[in-house]
Amino acid sequence: MRFLLIIPTVFILVTTVFVLMRATGDPITAALGGKLPPDQLAELIHAAGYDRPIVVQYWEYLTGIFSGDFGTTISDNRPVTEVLTTYGTATLELASYAILVALVLGVPFGMVSGYFRDRLPDAVLRILAILAYATPVFFAGLILKLVFSVWLGWFPVAGRVSTDGEIAMQLAGADSGFMLIDAFKTGDPAVVLDVLSHAALPAIALGLLTAGVFLRLVRTNMIGTLGTGYVDAARSRGVKESRLVRKHAWRPALIPIITVAGMQVAMLLVGAVLTETTFEWRGLGFQLSEYLQARDFVAVQGIVVLMAVVVAVTNFLVDVLAALIDPRVRY
Amino acid sequence: MTSGEITSVGTAGAAPEHVAGRGAWFKKLPVVHQVRQSVGLQRGMLIAGLVLTTVFVLVAVFAPLLAPYGWSQLRSGDGVAFGAQQPPSAEHWFGTTVGGYDVLSRVVWGAQTSLLVVIVAVAASIVVGVLLGLVSGYFGGWLDRVLVVIADAIYAFPSLLLAILLAIVISGGQSSMWGGILAAALSITVVFVPQYFRVVRAEVVRIKAEAFVDSARVLGTGHWRIMTRHVLRNSTRTLPLIVTLNASEAILTLAGLGFLGFGIEPTAAAEWGYDLQRSLADVTSGIWWTALFPGLAIVLAAMGMTLMGESLNDLADPRLRSRARSGQVAGAVAATSVEADASDPENPASAEHSEENPKGGDA
Amino acid sequence: MSAIRGSRRLLAGAAGTAALALVLTACGGGSGDGGSGGGGSAESLVVGTTDKITSLDPAGSYDNGSFAVMNQIYPFLLNTPYGSPDVEPDIAESAEFTSPKEYTVKLKPGLKWANGNDLTSSDVKFTFDRQLAIADENGPSSLLYNLDSVETPDDTTVVFKLKSADDQIFPQILSSPVGPIVDEDVFSADAVTPDQEIVDGKAFAGQYSITSYKANELISYEAYDGYQGILGAAKTPKVAAKYFTDASNLKLEVQDGSVDVALRSLSPTDIEDLRGDDAVKVVDGPGGEIRYITFNFNTQPYGEKQPDADPKKATAVRQAVADLIDREALADQVYKGTYTPLYSFVPDGLTGATEPLKEMYGDGQGGADADAAKKRLDDAGVTTPVELNLQYSNDHYGPSSGDEYALIKDQLEADGLFTVNLQTTEWVQYSKDRTSDVYPAYQLGWFPDYSDADNYLTPFFLKENFLGNHYVNQDVEDMILEQAVTADEAKRTELLGQIQEAEAKDLSTVPYLQGAQVAVTGADVTGVEDTLDASFKVRYAALAKG
């Protein structure tokens, strides 16, 4: 049942984007508006079929999708599937690191915060968490870049790998697009280090945002479970406090974390648009704003469909996972 | 509590922070009860949030008095140009931007733009969300099911992408002040409507099943009246929280739009995201003042709202409420907990909040 | 780590499409001395840019970023030598009019593509035939407006049959974005060819060939020794071009030496900062980009469709704008010298460019003059302040446009002669509005297709022009048409001067800035000066390190 929800979700999003995109102009004017006289522009627009009724174009688009044809981008003439796989991998890599950072920071500190509820460590951690998600990711990125690459010089300014590293990967035939995997394929620790140092700042910038969310969530649920009879019972049996936190209070707190982690995917994708722009990380988010500017209908629609599917599928998986961990969850 | 509560919720929804500055309204506001109710860290957070938000609102309202120059002013009264990228000085406390504007003035005027976005976004979200929630929950049936599916779908939509598209559609591409404000506000509305919708719909569905509705009907009281009255009353606990998240999200989206270059033209209004975007190149050349101040402004404004939202959430959730030193606060707690017919000691809505809040950290 | 493991399926898909079939031969092999190019200089260098490539196929792109790559890898029949805007035979032996409507080009014998195929007249015919056949919406085929057909009497002779006689612009067209010659065995005759097919097919015969290609990220070039054209062999055997999206990242990398040469476009702030940095050199050259305000002759104040229409007053308003704009201030404050004041319609550096606006307006020395403007408006009987709706694009001509127009507004209003209502519109809408008489006065910029004065006159000031601003002046029109068919160079230069003079009185547009080409290089890089010329083509082959 939940799974079927994916279809209307994606359908609604695709339709919205299709209509909105058509309302914002056409790719030909975007590219050549400053070069050609109006009649020549109109001719080109007509030749490309952008002046036909929107319903006709919509139908054409839908039938295309159902036959698995996402088309070729208008502005740079690449198959949409290629764009999606190439840049999707980059975004996936960034998102993976960000989730990792978020978990590593958010979960332990959330537990600490929940345990020391209303005392100093809690106060400090909560303020930091709120700061983390009240700071726009592009401002956080800017500050990180300024401090750690410009002033301290610890990390590279931007990009995913240095030129030397990239060449090494090409020599090794490592072209999965997932830089870390490619780096391992070269077998050169220097390249791996290079890739990791490039990923550090963008991962932190994007991860901090989510870490704040995780922290407060883990804290809330820790407090909730620490107060239940189940933990009290364990405590009365003489279970040590640290073990109590790790074993007993932790597990029930896991479900909301998984749920929220799933919901964070939509947010990560938004954050990725801004992070990728700041750090020169060529992923879907970055490409999306480029294609939007060029009014490349085909490319934007392709990317949005992918994003919608990813979000919907993650939400579905989260529900399944939650049900597996705790059968009482009613989905 | 009297029906006065209901009206105050309406106003609070439109702009709680805006009204918070005026004494007459102050005591009736839900937020005030919560300040009294809170203790320790929670009280500190709530008050810090209130202070930041009040400062933000005051700066926005009194921008014409506070800002030393206009937001698009390039030369002082005697006709001498400010010059671009001047470091902070006596004439320009925060320096000047790459375009030759006074940074302090643009930060101050930027608060006004942000506040307008917040007001429009929150007002629109509440009206649409509450209305749809009432209709959906009350009538049920296929309409209800369709609306729920749509709400779920929108939930997954990247709000910033929507904002960009809307920015172009709404303004016909013109980067005017209201074009930018409406684009940011309405795209946030679209994303937040499902949240109000869910809360209100859940209340309606629950109350519809309550016995007193039947008895009220026997007494000849209209259904709608009962619904709006009870639903809104019960939502006072949840709505302020969503409002604060809604507000901070609106600020961040406006800034995100400006940062990506889909925002407001600098001579039309001051906007922090735009200034931040224009200062990107300055940062690498050691010019820090053009980026720092608008960036801090965004962070502080969003943080004020978020702090308020966080502590309101804690206070609404009995498990999270700081344990008060015995009976001292008990009275206050009882006073705030809403109508007896609605209050469930375990607070069914609270689990839902904690899942919804994360949306607030967007952008 | 589950997210990473779960991604493998996605990766498998990526591996197939994003594969770089070509292994970089020795590009990673460090920088040994004494390659085939310049003695003693480094084996390789890294160029950085914020350009964007839309397609490597000359039929599929009409933008600066793609053309910049094409200039390294494809041969041209005619091309501009280093330091000059005027064209000469490149891979051709000779090129001339053999009759008024026939332009004959003779290729050098024995030319080869990098893949070993012969480069013959049949490739040339194929190149131009496919441009006209594909006529892609993103392509430059409109530049071939005067080409009727191409004939190939033998393997080294190409005859272009033209529609109108004595077209002096045609040789320039052959060096423009429509001019790169492509390999008929690799390219498709009726569709835009994907980049990867071009790279895999090694369809290169310019100074460099591409050894590996990652769209808009990294291109590795290797000198092609089969190139026998006018530009000579590349000085550096291997060049890597790195593509940036954010200029400040490019700035930091050129500063720390990971990029040797930073080309288009660093921000004005960055360039000013780098001028004070001893580790790098900032090199300026003339640029082909111009900025101007266009007036709509129907809707501007006192325009033809206005209730108070009066051509004299309308002209006075335009002239007063020309008086009031302080070009030095714009160039310095907004662009920190990366743009320079422009006093004509044809930018400085091109053959035939003059500076009529310098004397005619403002203080007569290039500065602004409010008194002159006031006198002009008073004499024409214009009531001040004149209300002017001024539009600019905030997303098409770079992020500084906002500052540029805020300053122009400020300059026009400073002495109370104008009240400017400044507005900005996103580019697509802007393009539609400006030709539908919505904007009385608006910002435009122009990037040339070829480095000839004609490209700054014909598209603008003929009756049918791309501005669509209802400007008509028969004298100007006649002179423009005449210069295009005047073979005598001295006479043509004189005509160009007269056109600029006449146009400076009419001011259909008010030009005010010319973009400079600025490159930032490491201290040990040489040769940039040679290629930052008025041809506006940057050749990596001129660059050397050490």
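The values are calculated or read from the model by the stated rules, or taken from the named source; none is laboratory data. Computed from a predicted model, the values in this text were never measured in an experiment. Note that we place each Cβ from the backbone using ideal geometry, even for glycine, and neighbour counts take in every protein chain shown. These area figures cover heavy atoms from the full protein model, side chains too; ligands, DNA and RNA do not enter into them. Shrake-Rupley method; radii C 1.70, N 1.55, O 1.52, S 1.80 Å.
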> Does segment C:132-150 contain any residue that is crowded, with 17+ Cβ neighbours inside 10 Å, hydroxyl-bearing (Ser, Thr, Tyr), more than 18 Å from the chain's Cα centre (by Cα) and closer than 23 Å to C:ILE53 by Cβ?
Replying inline: no
> Within the group A:LEU5, A:LEU62, A:LEU103, which residue is more than 9 Å from chain C (Cβ to nearest Cβ), more than 26 Å from C:SER436 (Cβ to Cβ) and at pLDDT below 75?
Replying inline: A:LEU5
> Is it the case that some residue within segment B:134-146 is away from every other protein chain (no Cβ under 14 Å), assigned to a helix (DSSP H, G or I), open to solvent by less than 20 Å² (accessible area, probe 1.4 Å) and among the β-branched types (Val, Ile, Thr)?
Replying inline: no
> So which pairs qualify, if the first residue must be in segment A:58-80 and open to solvent by 60 Å² or more (accessible area, probe 1.4 Å), the second must be in a loop (DSSP other than H, G, I, E, B), the Cβ gap must be under 7 Å, and the two must be at least 6 apart or on different chains?
Replying inline: A:THR72/A:ARG78
>> Can you tell me which condition A:THR16 does not meet? The list is (1) more than 14 Å from chain C (Cβ to nearest Cβ); (2) surrounded by fewer than 16 Cβ atoms within 10 Å (Cβ to Cβ), and all the others hold.
In response: (2)
>> For segment C:315-339, which positions are under 23 Å from C:LYS505 (Cβ atoms) and out of contact with any strand residue (DSSP E or B) (no Cβ under 8 Å at 6 or more places or on another chain)?
In response: C:THR315, C:ALA316, C:GLN319, C:ASP323, C:ASP326
> Does segment B:61-77 contain at least one residue that is assigned to a helix (DSSP H, G or I), without any contact (Cβ under 8 Å) to a residue 12 or more places away in the chain and open to solvent by 20 Å² or more (accessible area, probe 1.4 Å)?
Replying inline: yes
>> What are the pairs with Cβ atoms under 6 angstrom where one residue, in segment A:172-187, is more than 8 Å from every other protein chain (Cβ to nearest Cβ) and the other, located anywhere, is acidic (Asp, Glu)? Sequence gap at least six, or different chains.
In response: A:ALA174/A:ASP182
> If you go through segment C:424-452 one residue at a time, how many are in contact with a strand residue (DSSP E or B) (Cβ under 7 Å, 6 or more places away or on another chain) and either without any contact (Cβ under 8 Å) to a residue 24 or more places away in the chain or surrounded by fewer than 20 Cβ atoms within 10 Å (Cβ to Cβ) (or both)?
Replying inline: 2
>> Looking only at segment C:190-204, filter to residues that are within 14 Å of chain A (Cβ to nearest Cβ) and in a loop (DSSP other than H, G, I, E, B); which one of those is surrounded by the fewest Cβ atoms within 10 Å (Cβ to Cβ)?
In response: C:ALA191
> Only one residue in A:PHE70, A:PHE66 is in contact with a strand residue (DSSP E or B) (Cβ under 9 Å, 6 or more places away or on another chain) and of a type in the set (A, V, I, L, M, F, W, C), so which one is that?
Replying inline: A:PHE70
>> Anything in segment C:309-366 that is acidic (Asp, Glu) and within 14 Å of chain B (Cβ to nearest Cβ)? List them, or say none.
In response: C:ASP326, C:GLU328, C:ASP332
> Restricted to segment C:161-189, and to residues that are among the hydrophobic types (A, V, I, L, M, F, W, C) and assigned to a helix (DSSP H, G or I), which residue is farthest from C:LYS537 (Cα to Cα)?
Replying inline: C:PHE170
> In segment A:145-163, what count of residues is obtained for those that are more than 11 Å from chain B (Cβ to nearest Cβ) and not in a loop (DSSP other than H, G, I, E, B)?
Replying inline: 2
> Of the residues C:ASN465, C:ASN421, C:ASN469, C:ASN455, which is open to solvent by 40 Å² or more (accessible area, probe 1.4 Å) and either among the polar types (S, T, N, Q) or modelled with pLDDT under 90 (or both)?
Replying inline: C:ASN421
> Take the residues of segment A:188-224 that are open to solvent by 20 Å² or more (accessible area, probe 1.4 Å) and closer than 15 Å to A:VAL107 by Cβ: which is farthest from the other protein chains (Cβ to nearest Cβ)?
Replying inline: A:LEU208
> Which ones in segment C:260-278 are over 11 Å from B:ALA281 (Cβ atoms), open to solvent by less than 10 Å² (accessible area, probe 1.4 Å) and touching a Gly at 6+ places or on another chain (Cβ under 9 Å)?
Replying inline: C:VAL261, C:ALA262
> So, in segment C:39-62, of the ones that are surrounded by fewer than 21 Cβ atoms within 10 Å (Cβ to Cβ) and within 16 Å of the chain's Cα centre (by Cα), which residue ends up farthest from the other protein chains (Cβ to nearest Cβ)?
Replying inline: C:ASP51
>> Considering only segment A:122-142, I want to know if a residue exists there that is over 22 Å from B:GLY256 (Cα atoms) and crowded, with 23+ Cβ neighbours inside 10 Å.
In response: yes
>> I'd like the full set of residues that are surrounded by fewer than 17 Cβ atoms within 10 Å (Cβ to Cβ), part of a loop (DSSP other than H, G, I, E, B) and either within 14 Å of chain B (Cβ to nearest Cβ) or touching a residue at least 24 places away in the same chain (Cβ under 8 Å) (or both), limited to segment C:370-414.
In response: C:GLY381, C:THR384, C:PRO385
> Given (1) away from chain C (no Cβ under 14 Å); (2) closer than 28 Å to B:HIS92 by Cβ; (3) at pLDDT below 85, where does B:LEU296 come up short, assuming only one miss?
Replying inline: (3)
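Okay, residues lined up against (1) buried (at least 17 other Cβ atoms within 10 Å of the Cβ); (2) modelled with pLDDT of 85 or more; (3) among the hydrophobic types (A, V, I, L, M, F, W, C):
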position	(1), (2), (3)
B:LEU50	yes, yes, yes
B:PHE56	yes, yes, yes
B:GLY100	yes, no, no
B:SER114	yes, yes, no
B:VAL117	yes, yes, yes
> Looking at (1) on the phi < 0 side of the Ramachandran plot; (2) surrounded by fewer than 18 Cβ atoms within 10 Å (Cβ to Cβ); (3) part of a loop (DSSP other than H, G, I, E, B), which is the only condition C:GLY366 fails?
Replying inline: (1)
>> On the basis of being at pLDDT below 85 and assigned to a helix (DSSP H, G or I), does A:GLU93 make the cut?
In response: no
> Which of the residues belonging to segment B:245-266 are assigned to a loop (DSSP other than H, G, I, E, B) and either surrounded by 24 or more Cβ atoms within 10 Å (Cβ to Cβ) or in contact with a Phe, Trp or Tyr (Cβ under 7 Å, 6 or more places away or on another chain) (or both)?
Replying inline: B:PHE262, B:GLY263, B:ILE264, B:GLU265, B:PRO266
> Which residues, counting only those in segment B:290-308, are within 17 Å of B:PHE259 (Cα to Cα) and open to solvent by 20 Å² or more (accessible area, probe 1.4 Å)?
Replying inline: B:LEU292, B:PHE293, B:LEU296
